[in-house]
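Chemist: For reference, the structure I am asking about is given below.
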Amino acid sequence: MPWSPLAALSWALVLRLLALLRPPGLGEACTCAPAHPQQHVCHSALVIRAKISSEKVVPASEDPTDTQKMIRYEIKQIKMFKGFDKAKDVQYVYTPFDSSLCGVKLETNSQKQYLLTGQILSDGKVFIHLCNYIEPWEDLSLVQRESLNHHYPQNCGCQCPVPSQHPMSVSGRTGCWNGSSMGTRPSTMSA
């Protein structure tokens, strides 16, 4: 089930509140449930390939009393795989400044390209965090790259096993794309 922009914004606000209410001395960490790359694509409002041009720390909101910060990455969008109906040409993506709030650190001003999945907030901003599927393009297999255009979006009704948990459990009953045909071989995707 895809996140609505309101749900993504609510999630970000809940994370901020939890960070403020966290008792001192507790470890700061962001944890995410593992998911198959296909499920990341299916549950994201936006999937793009991009290079990161620059980064800038900006206020999280226009409220002057809000001390939370975000990182605004300026990007060069290379290709959009999903999100055409919500965004045409993405110029910026936003992530929490603090890693404890699942903020993402990306390389800027390099030749590195990324696959970015994320949500589109009600104000039109693209929001990414560590629980999204964010991978260097060069680390994706050829099958994963091809699946972005064809197989992942067409099979969003399936429940994919997480490869690290059940690498041999992909069966014809799942309907998940695994690189050769629908569910006939073990998945070769990495989370």
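The values are calculated or read from the model by the stated rules, or taken from the named source; none is laboratory data. Worth saying up front: this structure is predicted, and the values here are computed from it rather than measured. Here the Cβ is made from the backbone with ideal geometry for all residues, glycine too, and neighbour counts use every protein chain on show. Accessible surface areas use protein heavy atoms only, side chains included; no ligands, DNA or RNA. Shrake-Rupley method; radii C 1.70, N 1.55, O 1.52, S 1.80 Å.
Chemist: Take the residues of segment 73-98 that are more than 15 Å from the chain's Cα centre (by Cα) and farther than 28 Å from E146 by Cα: which is modelled with the highest pLDDT?
Modeler: The extreme case among them is F97.
Chemist: Specify the residue that is most open to solvent (accessible area, probe 1.4 Å); the eligible residues are those in segment 80-103 that are among the acidic types (D, E) and over 21 Å from C30 (Cβ atoms).
Modeler: Residues of segment 80-103 among the acidic types (D, E): 85, 89, 98.
Filter once more, so that each one left must be over 21 Å from C30 (Cβ atoms): 85, 89.
On the way: D85: 120, D89: 103 Å².
By that ranking, first place goes to D85.
Chemist: Show the residue pairs meeting these rules: Cβ distance below 7 Å; 6+ apart or different chains; first residue within segment 126-149 and in contact (Cβ under 8 Å) with a residue 60 or more places away in the chain; second residue assigned to a helix (DSSP H, G or I) and of a type in the set (G, A, S).
Modeler: As it stands, the answer is F127/A8; F127/A12, since those pairs meet every condition given.
Chemist: Has segment 35-46 got at least one residue that is more than 24 Å from P153 (Cβ to Cβ) and in a loop (DSSP other than H, G, I, E, B)? Walk me through how you get there before you give the answer.
Modeler: First, the residues of segment 35-46 that are more than 24 Å from P153 (Cβ to Cβ): none.
No, that holds for no residue.
Chemist: Taking segment 104-125, which residues are more than 12 Å from S44 (Cβ to Cβ) and either touching a residue at least 60 places away in the same chain (Cβ under 8 Å) or crowded, with 21+ Cβ neighbours inside 10 Å (or both)? Give the steps one after another, and end with the answer.
Modeler: Initially, segment 104-125 is screened for residues more than 12 Å from S44 (Cβ to Cβ), giving 104-114, 121-125.
The answer is V104, Q111, K112, Q113, Y114, L121, S122.
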